[in-house]
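This report refers to the structure that appears directly beneath it.
The values are calculated or read from the model by the stated rules, or taken from the named source; none is laboratory data. The model shown is predicted, which means the values in this text are computed figures rather than measured ones. Cβ: placed from backbone, ideal geometry, glycine included. Neighbour counts: every protein chain shown. Each accessible area value is taken on the protein alone, full model and side chains, heavy atoms only, with ligands, DNA and RNA left out. Shrake-Rupley method; radii C 1.70, N 1.55, O 1.52, S 1.80 Å.
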Amino acid sequence: MSAMIWGPPGIGKSSIVAQTAAKHGIEFIDVRLSQLAPTDLRGLPVADTEARLSRWYPPEFLPQAGRGILFLDEVNLAPPTMQGMAQQLILDRRVGSYSVPEGWFIWAAGNRKEDRAATFDMPAPLANRFIHCDIEADLESFKAYAMRTGMHEQIIAFVMFRPEMLHKISPQQPSWPSPRSWDMANVLLKAGMDVTAAVGAGAAVEFGAFRQLYEQVPDLEAIMSGNGAGQTFPEEPSVRYATVVGMTARSKDATHAFNAFKWLTQNAGAEWVQLCAVDLFRQMGLKGHMRALRRMLDNDADVQHWLAEYGDALNRNGEFGEAAKAAARNGQQPQADNGHHEPAAAA
């Protein structure tokens, strides 16, 4: 069966498909129907003088063997003639004399009319041949991707503080914030350049003001090296986001992560510890340091006491939950949350 992915521009529809193919170890072919003519898809007629027939030679970009995803991107930007060609490819898995090999999936993606995209109506017969999937920008997915790929911590912290700025189409501006444009802004920022060209003036002004708050962030290097005594957790919520994201992004090994986590348990409310710990532990798992971190957590009496007190309320969050369960196994029965933490609205 074929899938049609609908969603606004800039949220990574094509990246999702490419990453899915890579995860499963299969090939990925990206075909933009809007850039093709009908003969580009069907192929060129070549005379067979002996048989007195014309034979169609298929284009080289169509798969001939193996397994993979044939991805028809921007399918509804293509004119009706090209959508008609795609209809035969999707329904019959063939165009002219060409047949799609077994083991190949045909997926497509497109923008919606409300996204200000110059789309054509998808014919009902073509639409009825797809499984339709609607996707939208998701903060947790973006955060996990940003952490994994080493995106600048200030971008991650800003988007966490202002989630509505993750994806905000501006009808009057050519550039506006989206997961894709924040990825581009990351390149500009690391090169010492202004991010306005990627995310637009409004988002860039807010982001610039947020960056100035970084002067109020505690000495994260001292905290992660175990010398955090005397460092205080900030009062301003935006600086708190910068602090927890900064510690997650800068933790290179289990020692850094352990010192950051312990400092937070001693200086921040439970919800801020949770906000940091879920991402911090995920990062350590990806880097192969989670076993060492668990060992440090198990062997520290102060951390075990904190987990015993607050772990039960937070133990549904992946690796964080495992640490809380370990505290309980060590003989420290988790207690009910006593309410001594930051209000949910602040987090």
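Tally up the residues in the range 114-138 that are touching a residue at least 60 places away in the same chain (Cβ under 8 Å), buried (at least 17 other Cβ atoms within 10 Å of the Cβ) and aliphatic (A, V, I, L, M), please.
Count: 1.
Got a sec? Which of PHE71, PHE61 is farther than 30 Å from LEU139 by Cβ and of a type in the set (A, V, I, L, M, F, W, C)?
On the way: PHE71 fails: farther than 30 Å from LEU139 by Cβ.
That would be PHE61, the only listed residue that is farther than 30 Å from LEU139 by Cβ and of a type in the set (A, V, I, L, M, F, W, C).
With LEU286, LEU280, LEU275, LEU293 as the choices, which residue is within 27 Å of the chain's Cα centre (by Cα) and open to solvent by 60 Å² or more (accessible area, probe 1.4 Å)?
Working: LEU280 fails: open to solvent by 60 Å² or more (accessible area, probe 1.4 Å); LEU275 fails: open to solvent by 60 Å² or more (accessible area, probe 1.4 Å); LEU293 fails: open to solvent by 60 Å² or more (accessible area, probe 1.4 Å).
Unique residue meeting the criteria: LEU286.
Looking only at the range 140-184, count every residue that is in contact (Cβ under 8 Å) with a residue 60 or more places away in the chain, among the charged types (D, E, K, R) and more than 19 Å from THR243 (Cα to Cα) and tell me the total.
Here the count works out to 1.
In the range 99-113, is there at least one residue being modelled with pLDDT under 90, loosely packed, with under 12 Cβ neighbours inside 10 Å and either among the polar types (S, T, N, Q) or within 30 Å of VAL187 (Cβ to Cβ) (or both)?
no
Checking the structure you have, find out if any residue of the range 186-194 is hydrophobic (A, V, I, L, M, F, W, C), buried (at least 16 other Cβ atoms within 10 Å of the Cβ) and closer than 25 Å to ILE16 by Cα.
Here is the first cut: in the range 186-194, the ones hydrophobic (A, V, I, L, M, F, W, C) are 187-189, 191, 193.
Now narrow it down to the ones that are buried (at least 16 other Cβ atoms within 10 Å of the Cβ): 188-189.
Now drop any that are not closer than 25 Å to ILE16 by Cα, which leaves 188-189.
Yes.
Which of the residues spanning the range 27-44 are of a type outside the set (A, V, I, L, M, F, W, C), within 18 Å of GLN88 (Cβ to Cβ) and in a helix (DSSP H, G or I)?
SER34, PRO38, THR39, ASP40, ARG42
Which one of these does LEU286 not meet: (1) of a type in the set (A, V, I, L, M); (2) over 23 Å from LEU213 (Cα atoms); (3) free of Cβ contacts under 8 Å to residues at least 60 places away in the same chain?
(3)
Output the residues belonging to the range 136-182 that are among the hydrophobic types (A, V, I, L, M, F, W, C), modelled with pLDDT of 90 or more and closer than 21 Å to LYS113 by Cα.
ALA137, LEU166, TRP176
Does at least one position in the range 311-329 carry a residue that is hydrophobic (A, V, I, L, M, F, W, C), open to solvent by 40 Å² or more (accessible area, probe 1.4 Å), modelled with pLDDT under 90 and in a helix (DSSP H, G or I)?
Yes - at least one qualifying residue is present in the range 311-329.
Listed residues GLY228, GLY269, GLY246; which is under 30 Å from VAL303 (Cα atoms), in contact with a His (Cβ under 7 Å, 6 or more places away or on another chain) and open to solvent by less than 30 Å² (accessible area, probe 1.4 Å)? Working first, answer last.
Details: GLY228 fails: in contact with a His (Cβ under 7 Å, 6 or more places away or on another chain); GLY246 fails: in contact with a His (Cβ under 7 Å, 6 or more places away or on another chain).
After ruling out the rest, the residue left standing is GLY269.
Please count how many residues of the range 139-163 are touching a Pro at 6+ places or on another chain (Cβ under 9 Å) and either under 27 Å from ALA86 (Cβ atoms) or open to solvent by 50 Å² or more (accessible area, probe 1.4 Å) (or both).
Residues in the range 139-163 being touching a Pro at 6+ places or on another chain (Cβ under 9 Å) and either under 27 Å from ALA86 (Cβ atoms) or open to solvent by 50 Å² or more (accessible area, probe 1.4 Å) (or both): 3 in total.
Can you tell me which of (1) open to solvent by 20 Å² or more (accessible area, probe 1.4 Å); (2) over 17 Å from ARG240 (Cα atoms) is the one ALA209 doesn't meet?
Of (1) open to solvent by 20 Å² or more (accessible area, probe 1.4 Å); (2) over 17 Å from ARG240 (Cα atoms), only one is false for ALA209: (2).
Quick one: is VAL31 closer than 30 Å to LEU166 by Cβ and modelled with pLDDT of 80 or more?
In short, yes.
Hey, LEU53 hits all of (1) touching a helix residue (DSSP H, G or I) at 6+ places or on another chain (Cβ under 8 Å); (2) of a type in the set (A, V, I, L, M, F, W, C); (3) open to solvent by 80 Å² or more (accessible area, probe 1.4 Å) but one; which does it fall short on?
So the condition that LEU53 fails would be (1).
For the range 65-74, check the following and say yes or no: at least one residue is touching a helix residue (DSSP H, G or I) at 6+ places or on another chain (Cβ under 8 Å), surrounded by 12 or more Cβ atoms within 10 Å (Cβ to Cβ) and among the acidic types (Asp, Glu).
yes
Could you check the range 296-308 and list, in sequence order, the residues that are buried (at least 17 other Cβ atoms within 10 Å of the Cβ) and not in a helix (DSSP H, G or I)?
Hits for the range 296-308: nothing passes.
Within the range 31-67, how many residues turn out to be closer than 16 Å to PRO101 by Cα and touching a residue at least 40 places away in the same chain (Cβ under 8 Å)?
6
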